[in-house]
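Below is one structure; the comments refer to it alone.
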Amino acid sequence: MDFIKTTETASSYNHLEKMSIHELLQNINKEDITVPLAVEKALPQIEKLTSKIVDKLKNGGRLFYIGAGTSGRLGILDASECPPTFGVSHELIIGLIAGGDTAIRKAVEFAEDSKDQGWLDLQKFNISSKDIVIGIAASGTTPYVIAALQKCNENNVLTGCITCNEGSPLTTTAMYPVSVVVGPEFVTGSSRMKAGTAQKLVLNMLSTATMIQLGKVKGNKMVDMQLSNDKLVKRAENMLISELKIDTKTAKKLIKKHGNVRSAIENYTI
């Protein structure tokens with residue numbers, strides 16, 4: 001390969017088994033502190049990708065995350081949290097992982113090595129040029145992800161990626177790449193650590209900024225969140241109390257009637 005695979009380079013630390021718990025935690029934390037700084041350097045790339053996501057979703061498209069292992073799980077996590085947080089359809093943001101749903105909990109051997117399955121998985125959702133697909137792979141070398149993005153490019157489907165190796169095959173394949181170079185892991189090659197944290201931070205940015213741009217937040221409140229438990233119902237009531245300057249009893253009545261903060265605010269009359 002003609003690029004430096006920093007996610008696989010040797011740890012800056014040695015003899016980990018001889019460290020005390022205090023030393024282990026202190027050194028892991030020391031490494032973790034560098035991750036947001038690496039993300040900051042990638043902000044221009046993240047901004048370009050976010051703009052494309054917003055454009056696609058505003059015009060009726062969908063966002064797909066596709067990855068393997070930790071990267072795939074992080075994409076599924078972000079996708080699954082958007083409906084309850086922002087009240088959007090489960091079909092708007094979709095996470096796919098090599099090996100299917102089984103791989104969410106247990107590793108599926110060699111699933112990430114398939115060069116055909118990624119595109120087949122996307123085709124199950126009738127992928128089209130209206131959509132955008134983001135490949136997630138810390139190494140940037142995962143065949144399942146790279147091949148899927150190549151097919152997307154061939155079929156006029158916009159592509160982006162999140163990886164932690166600059167100049168990787170995935171980076172050169174994606175139309176809008178994001179490379180967050182976090183360097184060697186505390187445990188050599190354990191990319192679920194800093195690389196995983198970096199990917200999670202970028203995913204938070206992509207989905208949150210997109211949802212705000214789509215009008216799913218009012219002020220700084222999640223006015224479209226699904227009220228699926230008592231904690232969220234109470235939060236919704238407090239939002240109404242603050243926004244409408246009403247008492248708790250009135251807020252409870254409005255939530256019971258409308259079942260949604262936005263609807264309660266928009267339909268409230270004194």
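The values are calculated or read from the model by the stated rules, or taken from the named source; none is laboratory data. What you see is a predicted model; the values in this text were computed from it and never measured. Using ideal geometry, Cβ is built from the backbone for each residue, glycine included, and neighbour counts are taken over all protein chains shown.
Go through (1) under 24 Å from Leu170 (Cα atoms); (2) out of contact with any Gly (no Cβ under 7 Å at 6 or more places or on another chain); (3) free of Cβ contacts under 8 Å to residues at least 60 places away in the same chain; (4) of a type outside the set (S, T, N, Q) for Ala98 and report which single condition fails.
(2)
Within the stretch 109-125, identify whether any single residue is of a type in the set (A, V, I, L, M), buried (at least 24 other Cβ atoms within 10 Å of the Cβ) and modelled with pLDDT of 95 or more, and answer yes or no.
Initial filter on the stretch 109-125 (of a type in the set (A, V, I, L, M)): 111, 120, 122.
Filter again for buried (at least 24 other Cβ atoms within 10 Å of the Cβ), leaving none.
No, because not a single residue in the stretch 109-125 is of a type in the set (A, V, I, L, M), buried (at least 24 other Cβ atoms within 10 Å of the Cβ) and modelled with pLDDT of 95 or more.
Tell me whether the stretch 130-146 contains one or more residues that are part of a strand (DSSP E or B), crowded, with 22+ Cβ neighbours inside 10 Å and not aliphatic (A, V, I, L, M). Walk me through it before giving the result.
Filtering the stretch 130-146 down to residues part of a strand (DSSP E or B) leaves 132-136.
Now drop any that are not crowded, with 22+ Cβ neighbours inside 10 Å, which leaves 132-136.
So of that shortlist, the ones also not aliphatic (A, V, I, L, M) come out as 135.
Yes.
Could you identify the single residue in Glu166, Glu185 that is charged (D, E, K, R), assigned by TED's automatic domain parsing to the domain that holds Ile46, under 30 Å from Lys41 (Cα atoms) and modelled with pLDDT of 95 or more?
Every option except Glu185 fails the conditions.
This table checks each residue for (1) surrounded by 17 or more Cβ atoms within 10 Å (Cβ to Cβ); (2) without any contact (Cβ under 8 Å) to a residue 24 or more places away in the chain; (3) within 12 Å of Ile136 (Cβ to Cβ).
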site	(1), (2), (3)
Cys152	yes, no, no
Thr172	no, yes, no
Gly183	no, no, no
Asn204	no, no, no
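Condition first: within 19 Å of the chain's Cα centre (by Cα) and among the β-branched types (Val, Ile, Thr). Now tell me which residues in the stretch 99-114 satisfy that.
The one that is within 19 Å of the chain's Cα centre (by Cα) and among the β-branched types (Val, Ile, Thr): Ile104.
Does Ile97 satisfy the condition of being under 16 Å from Leu158 (Cα atoms) and assigned by TED's automatic domain parsing to the domain that holds Thr197?
No, not satisfied.
Given (1) part of a helix (DSSP H, G or I); (2) of a type outside the set (Gly, Ala, Ser); (3) under 17 Å from the mean Cα position of the chain (by Cα), where does Leu96 come up short, assuming only one miss?
Among (1) part of a helix (DSSP H, G or I); (2) of a type outside the set (Gly, Ala, Ser); (3) under 17 Å from the mean Cα position of the chain (by Cα), the lone unmet condition for Leu96 is (1).
Report whether or not Asp247 is modelled with pLDDT under 95, acidic (Asp, Glu) and either buried (at least 17 other Cβ atoms within 10 Å of the Cβ) or farther than 21 Å from Pro84 by Cβ (or both). It would help to see each step written out before you state the result.
Values: modelled with pLDDT under 95: yes; acidic (Asp, Glu): yes; either buried (at least 17 other Cβ atoms within 10 Å of the Cβ) or farther than 21 Å from Pro84 by Cβ (or both): yes.
When the stated conditions are applied, Asp247 passes them.
Going by the conditions given, is Met222 closer than 27 Å to Leu57 by Cβ and assigned by TED's automatic domain parsing to the domain that holds Leu57?
Against the criterion (closer than 27 Å to Leu57 by Cβ and assigned by TED's automatic domain parsing to the domain that holds Leu57), Met222 does not qualify.
What is the one condition in (1) within 30 Å of Ile265 (Cα to Cα); (2) outside any helix (DSSP H, G or I); (3) touching a Phe, Trp or Tyr at 6+ places or on another chain (Cβ under 6 Å) that Met211 does not satisfy?
Only one criterion is unmet by Met211, namely (2).
I want to confirm something. Restricting to the stretch 1-58 and keeping residues that are closer than 19 Å to Leu201 by Cβ and small (Gly, Ala, Ser), which single residue is surrounded by the fewest Cβ atoms within 10 Å (Cβ to Cβ)?
So the residue we want is Ser51.
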